[in-house]
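Shown next, in structure tokens, is the structure this report addresses.
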Amino acid sequence: MDKKKFAFDKTNFILLAVGMAVVIIGFLLMTGPSSSSANFEADIFSVRRIKVAPVVCLLGFVFMIYAVLRKPKEENN
């Protein structure tokens, strides 16, 4: 039986899912208490929210780009 040829294989989809999970973790690292006019929250300027979380998101997006550009291996029958 002739197998249909897809642009992605199982590994591509797994890599995309891992990249998406890393991006979601990065966005979760950005969350925290917010400041209001009555209360100033110094945690807004924490290293986790300003430096770590954006780098984690960037790495997740780069990983997803790699997953999209990765060429599936050819199967020889």
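Quick note: the coordinates plus some simple rules give every number you see, no bench work behind them. Since the model is a prediction, treat every value here as computed from it, not as a measurement. Quick reminder, even Gly has a Cβ in these numbers, built from the backbone with ideal geometry, and neighbours come from all protein chains shown.
Some values worked out for this structure:
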| item | result |
| --- | --- |
| Dipole magnitude of the stretch 1-46 about its Cα centre (Cβ charges: Lys, Arg +1; Asp, Glu -1), debye to nearest 20 | 460 debye |
| Inverse mean reciprocal Cα-Cα distance (Kirkwood Rh) of the chain, Å | 15.0 Å |
| Selected from Val22, Pro72, Gly60, residue furthest toward positive end of dipole (the chain; charges at beta carbon) | Pro72 |
| Coil-residue GluC sites (Glu not before Pro) of the chain, DSSP, other Cβ within 10 Å capped at 11 | Glu74, Glu75 |
| Backbone HN-Hα couplings from phi across the stretch 59-70 [Karplus 6.51/-1.76/1.60, Hz, Gly and Pro as x] | 4, x, 5, 4, 4, 5, 4, 4, 4, 6, 7, 5 |
| Net dipole in debye of the chain [+1 Lys, Arg Cβ; -1 Asp, Glu Cβ; about Cα centre; nearest 20] | 260 debye |
